[in-house]
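The values are calculated or read from the model by the stated rules, or taken from the named source; none is laboratory data. Treat the numbers as computed from the prediction; the structure is a model and nothing was measured. Cβ sites come from the backbone with ideal geometry, for glycine too, and all protein chains shown count toward neighbours.
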Amino acid sequence: MRLVGRILAGLVGLPVLLLGCFGLTAHHFPGTDFMQLIYSGLQGANKLLIEQGMDIPIDASVTLEEWLVHPALRYVIAPIGFILLVLAAGVRIRGKDKEAEEPQASADDPMAVTDKREKKKILKDAAALRKKGQFEEAGDLVWSAKELDKAADYFIEGELFGRAAEIRHDQNRFIESADLHIKDGNHESAGAIFAQQEEWARAAECYHETGGMSVAAEMFDKAGEYAKAAKCYEEVEFHRHAASAYVKIKNWPKAAACLEEVFRSEFNTVKNDAAKLKELQKIAKQAGQLFHRAGDTEKAKHILKEAECWAEAGQVAMHLENFAEAAEYFRNAGRRLETSARRVTSIASSRATPRPATATERAVTTPPRRRCSRSAATALPQRSATSARAATPRRRSALRWRAPSNARRSCSTRPGSG
């Protein structure tokens with residue numbers, strides 16, 4: 001009853017507070033745009049009430065304003081409304097607290113065990129059932145009295161691990177709950193709980209036990225156990241993920257073998273798809289690098305050749321000193337690598353048995369020399385020592401190195417002359 005009265009006080013207090021605020025505003029800030037808007041609203045409401053048939057004066061809004069502006073009301077109405085709202089709010093909070101306490105009491109005692117003697121009797125009966133070996137009945141009985149720890153103990157003693165796991169989960173003792181699920185053989189539920197608690201390694205073991213290799217691999221990867229993750233990925237043929245895991249532990253042969261498996265399983269089906277072929281060629285290059293790191297350069301060359309990565313295959317062949325084969329790969333790479341092919345061919349020929357060069361080859365490879373005729377050489381003018389000393393350093397340099405034009409014109413190029 002008191003709660004209803006406070007609610008009514010709140011409903012009355014709000015309009016009273018608004019009226020008091022209106023009186024204060026009309027007295028201290030008359031003529032403002034805000035007050036003009038309120039006046040228009042009051043006049044419109046007054047007109048509407050008259051049209052509805054209510055017997056009120058036409059100037060009721062003006063009369064209301066005069067009343068609220070009066071000193072006896074403007075400083076009284078607003079505080080009254082505020083007090084009513086405070087009382088109403090305070091009682092509603094207390095009312096909520098009281099309502100919250102009542103369900104809590106019922107939740108703590110689902111079987112309405114209000115008497116301590118009755119609760120004691122329940123525990124005594126449960127102990128008697130336990131002595132008879134009826135652990136499930138004893139656990140249910142003490143659980144009904146909200147003795148959760150004793151209920152869990154009874155269930156564990158009776159090897160009812162699933163029931164005990166549920167109780168531990170309700171108590172937010174999640175790791176214990178997961179351990180009990182494992183004892184009960186429910187590895188999937190245990191794995192889910194461990195994953196929620198970010199116990200990645202234990203979650204991975206549980207999922208591995210259930211045969212969920214992909215999830216187990218992900219959990220092992222998060223736990224940093226990359227070797228186990230890679231093996232699980234291989235079992236479900238996720239070779240790209242397996243290669244990534246092997247790379248993290250620097251197991252180059254395994255990583256290369258996984259990428260090679262990806263390449264061979266998909267290469268023949270994507271030859272007509274340029275985008276996918278480019279992606280597989282990238283995988284082949286990565287596999288080649290990993291084979292090279294593992295010391296198996298022949299396999300690196302072979303997979304690069306199959307993927308038609310000619311430039312990379314040529315580099316590997318160069319490393320193996322198969323120069324003729326490398327030249328062929330560079331030629332296949334296109335015109336941009338034709339220079340490399342010629343260079344490798346020359347290296348290969350130089351490694352072969354040397355033979356004496358012919359006269360034609362010597363003539364072609366001997367660089368030309370410039371030779372001046374004797375007449376041009378004798379045609380150089382003789383300058384006196386006095387004029388040479390009088391010349392500037394730059395002029396002397398010119399006189400020393402530059403020949404007259406007629407001497408330069410008489411110079412001839414004779415290939416092979418010596």
Q.
So if I check each of Ala256, Ala201, Ala227, which one is without any contact (Cβ under 8 Å) to a residue 60 or more places away in the chain and either assigned to a loop (DSSP other than H, G, I, E, B) or crowded, with 17+ Cβ neighbours inside 10 Å (or both)?
A. Ala256
Q) Given the conditions (1) in a helix (DSSP H, G or I); (2) more than 20 Å from the chain's Cα centre (by Cα), which single one is not true for Ala245? A) (2)
Q | Residues being among the aliphatic types (A, V, I, L, M), touching a helix residue (DSSP H, G or I) at 6+ places or on another chain (Cβ under 7 Å) and surrounded by fewer than 21 Cβ atoms within 10 Å (Cβ to Cβ) - total across region 183-192 | A | 0
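Select, from Glu205, Glu188, Glu198, the only residue that is at positive phi and either touching a Gly at 6+ places or on another chain (Cβ under 8 Å) or charged (D, E, K, R) (or both). It would help to see each step written out before you state the result.
On the way: Glu205 fails: at positive phi; Glu188 fails: at positive phi.
It is Glu198.
Yes or no: region 123-139 includes at least one residue that is at pLDDT 80 or above and under 47 Å from the mean Cα position of the chain (by Cα). If you could, list the steps in order and put the result at the bottom.
Looking only at region 123-139, we keep the residues that are at pLDDT 80 or above, and these are 123-139.
Narrowing further to those that are under 47 Å from the mean Cα position of the chain (by Cα): 139.
Within region 123-139, one or more residues are at pLDDT 80 or above and under 47 Å from the mean Cα position of the chain (by Cα).
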Q) Is there a residue being surrounded by 18 or more Cβ atoms within 10 Å (Cβ to Cβ), under 31 Å from the mean Cα position of the chain (by Cα) and modelled with pLDDT under 85 anywhere in region 281-301? A) no
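Might you check whether a residue that is β-branched (Val, Ile, Thr) and under 48 Å from the mean Cα position of the chain (by Cα) occurs anywhere in region 148-168? I'd like the intermediate steps shown before the answer.
Quick first cut of region 148-168, residues β-branched (Val, Ile, Thr) only: 156, 167.
Now narrow it down to the ones that are under 48 Å from the mean Cα position of the chain (by Cα): 156, 167.
Yes, some residue in region 148-168 is β-branched (Val, Ile, Thr) and under 48 Å from the mean Cα position of the chain (by Cα).
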Q | Count of residues meeting criterion [touching a residue at least 24 places away in the same chain (Cβ under 8 Å) and farther than 24 Å from Leu141 by Cβ] in region 164-183 | A | 3
Q) Would it be correct to say that Gln43 is in contact with a Ser or Thr (Cβ under 8 Å, 6 or more places away or on another chain), closer than 30 Å to Ala9 by Cα and either modelled with pLDDT of 70 or more or of a type in the set (Lys, Arg) (or both)? A) yes
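Out of the residues in region 82-98 meeting the condition of being surrounded by 15 or more Cβ atoms within 10 Å (Cβ to Cβ) and modelled with pLDDT of 70 or more, tell me which one is nearest to Leu17 (Cα to Cα).
Here the answer is Phe82.
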**Q.** Candidates Phe267, Phe330, Phe323, filtered to the one that is at pLDDT below 90 and in contact with a Ser or Thr (Cβ under 7 Å, 6 or more places away or on another chain)
**A.** Phe330
